[in-house]
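Structure first, commentary second.
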Amino acid sequence: MHPKHTTTVAVLLTLTAAAAAQTTTVLPCGRDNTLYESSTGAFSNALGESVFVGVTAQGRLRRALLWFDVAAALPAGARVIAAELRMEIVFSPALSATQLFLHRPLLPWGESSSYATAGGGGQGAPTTPGDATWTHAIDPVLPWTTAGGDFAIPPSAILELPVAGTVRGFVDAGEVQQWLDQPSTNLGWLLKTAEASSVDRARRLESRESTGSPPQLRVQWLLPGQTGTFGTGCPLVGGPLQTAFVGTPQGGAPIAVQQSSAPPGAIGVTFYALALDAAGTLLAPACRLHLPLGGTLIPGDAFVTDAGGAASSALLLPAGFPGTLVVGQAAVLDGSALGFAAGNAALLVVQ
């Protein structure tokens, strides 16, 4: 019998470059399971080394459930900047990549003591009380309204699901923020494919019980009064354009905005927003816009870089909005086909 993992909330790794920089906390998966298509809900796999998503060769569906204890890993009052899910594929008979959909479950679900070993766990094991199954969120006391799981539509995130290797992609930072601020709303994710194509053949992925590369959620965050950066500026002769807030972001006071590594004598402007697009919009190779398209963009002061490719301006922060995230990204005119180069995103959370 596989020893049941004690449900502990452990942060695998916390990285902090400096006091005035964002922190990256790596959260281990705290609970997982697989939903095996079955009219009776007779199968589950709470403690197996794998979870499954997709369609089997026999046409049976597999969906995975993951949960991360965000509230125990991040300090109260932290502002989530970005969150990235990483998982590792063990095996797949698929011939090409497909999409992985992350949905918010509508019911709390269970991980009890079922432990599937045959075929790597692909057929499941007999359900034990407290398990999530195809018919029950928690067997036998809490049935799903719809077999296969009740979940929110549209999905919270859509990631690429390759044939082999690592699954990784940014998820909704706002959703992770809600899990921090309101832990009772954290029901994790239900993972599924479109379940309608040969490319959706079932993948076997490492679970939290795996000794290899179990699922992890990498969360970047700031506390009020801190600044940080995100992403890399577009390539330039002197290196990627760099933008940074310098100082302590106090509501009602100005904060310095510094540019560096730009071409000498370049004309530029910094734009601001109250949200970050972590995945970004690809403008050119190795060049992304991290300000959200479709949102409100606030133009700042124009600047001209000096002989060393540097410039400085100031941003007056509004009073009365502690905890507000402000994102700045500069653009300078250059001779590229795009016509301009964008910098990295500068971040601050108002104190």
Scan the stretch 289-314 for residues that are more than 17 Å from Gly343 (Cα to Cα) and touching a residue at least 12 places away in the same chain (Cβ under 8 Å) and report the count. 3
Just one of the numbered conditions (1) over 18 Å from the mean Cα position of the chain (by Cα); (2) touching a residue at least 24 places away in the same chain (Cβ under 8 Å) is not true of Gly247; which one? (2)
Filter pass, Gly323 being at positive phi, in the same structural domain as Leu236 (by TED's automatic domain parsing) and either outside any loop (DSSP other than H, G, I, E, B) or modelled with pLDDT of 95 or more (or both): yes
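Results for (1) in a loop (DSSP other than H, G, I, E, B); (2) basic (Lys, Arg); (3) surrounded by 16 or more Cβ atoms within 10 Å (Cβ to Cβ), shown as yes or no for each residue.
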| residue | (1), (2), (3) |
| --- | --- |
| Thr296 | yes, no, no |
| Phe303 | no, no, yes |
| Ala307 | yes, no, no |
| Ala319 | yes, no, no |
| Val327 | no, no, yes |
| Gly343 | no, no, yes |
| Gln351 | yes, no, yes |
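Conditions (1) out of contact with any Lys or Arg (no Cβ under 8 Å at 6 or more places or on another chain); (2) in contact (Cβ under 8 Å) with a residue 24 or more places away in the chain; (3) of a type in the set (Asp, Glu), marked per residue:
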{"position": "Asp69", "(1), (2), (3)": "yes, yes, yes"}
{"position": "Leu74", "(1), (2), (3)": "yes, yes, no"}
{"position": "Arg79", "(1), (2), (3)": "yes, yes, no"}
{"position": "Val90", "(1), (2), (3)": "no, yes, no"}
{"position": "Pro93", "(1), (2), (3)": "no, yes, no"}
{"position": "Leu102", "(1), (2), (3)": "yes, yes, no"}
{"position": "Pro105", "(1), (2), (3)": "yes, yes, no"}
Which ones in the stretch 215-230 are part of a loop (DSSP other than H, G, I, E, B) and surrounded by fewer than 22 Cβ atoms within 10 Å (Cβ to Cβ)? Leu223, Pro224, Gly225
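From Gly265, Gly212, grab the single residue that is part of a loop (DSSP other than H, G, I, E, B) and either touching a Gly at 6+ places or on another chain (Cβ under 7 Å) or not assigned by TED's automatic domain parsing to the domain that holds Thr25 (or both).
On the way: Gly212 fails: either touching a Gly at 6+ places or on another chain (Cβ under 7 Å) or not assigned by TED's automatic domain parsing to the domain that holds Thr25 (or both).
It is Gly265.
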Among all residue pairs at least 6 apart or on different chains, which show Cβ distances below 8 Å where the first residue, located in the stretch 263-281, is under 14 Å from Ala346 (Cβ atoms) and the second is among the acidic types (Asp, Glu)? Val269/Asp301; Thr270/Asp301
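Does at least one position in the stretch 175-191 carry a residue that is of a type in the set (Phe, Trp, Tyr) and more than 21 Å from Arg62 (Cα to Cα)? Steps first, answer last, please.
If we filter the stretch 175-191 for residues that are of a type in the set (Phe, Trp, Tyr), which is where we start, we get 179, 189.
With more than 21 Å from Arg62 (Cα to Cα) added as a condition, the list becomes 179.
Yes, the conditions are met somewhere in the stretch 175-191.
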Output the number of the condition that Gly120 fails; it satisfies all remaining conditions of (1) outside any strand (DSSP E or B); (2) out of contact with any Ser or Thr (no Cβ under 7 Å at 6 or more places or on another chain). (2)
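Considering Glu111, Glu84, which residue is among the acidic types (Asp, Glu) and under 20 Å from the mean Cα position of the chain (by Cα)? Spell out the reasoning first.
Numbers: Glu111 fails: under 20 Å from the mean Cα position of the chain (by Cα).
The conditions single out Glu84.
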Determine which member of the set Leu325, Leu347, Leu241 is in contact with a Lys or Arg (Cβ under 8 Å, 6 or more places away or on another chain) and under 14 Å from Thr229 (Cα atoms). Leu325
Can you name the residue in the stretch 266-285 that is surrounded by 15 or more Cβ atoms within 10 Å (Cβ to Cβ) and of a type in the set (Ser, Thr, Tyr) and, of all such residues, is farthest from Val237 (Cα to Cα)? Tyr272
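Looking only at the stretch 239-262, filter to residues that are assigned to a loop (DSSP other than H, G, I, E, B) and modelled with pLDDT of 95 or more; which one of those is surrounded by the most Cβ atoms within 10 Å (Cβ to Cβ)?
As a first pass, look at the stretch 239-262 and keep what is assigned to a loop (DSSP other than H, G, I, E, B): 239-241, 247-253, 261-262.
Checking the rest, the ones that are also modelled with pLDDT of 95 or more come to 247-253.
On the way: Gly247: 15, Thr248: 13, Pro249: 24, Gln250: 15, Gly251: 15, Gly252: 11, Ala253: 14.
Restricting to residues being assigned to a loop (DSSP other than H, G, I, E, B) and modelled with pLDDT of 95 or more, the top hit is Pro249.
Which one is farthest from Gly247 (Cα to Cα) among residues in the stretch 18-53 that are at pLDDT below 95 and within 21 Å of the chain's Cα centre (by Cα)?
Residues of the stretch 18-53 at pLDDT below 95: 18-22.
Applying the additional criterion that residues be within 21 Å of the chain's Cα centre (by Cα) yields 21-22.
On the way: Ala21: 11, Gln22: 14 Å.
By that ranking, first place goes to Gln22.
The values are calculated or read from the model by the stated rules, or taken from the named source; none is laboratory data. Model, not experiment: these values are computed from the prediction. Glycine gets a Cβ as well: all are built from the backbone with ideal geometry, and neighbour counts include every protein chain shown.
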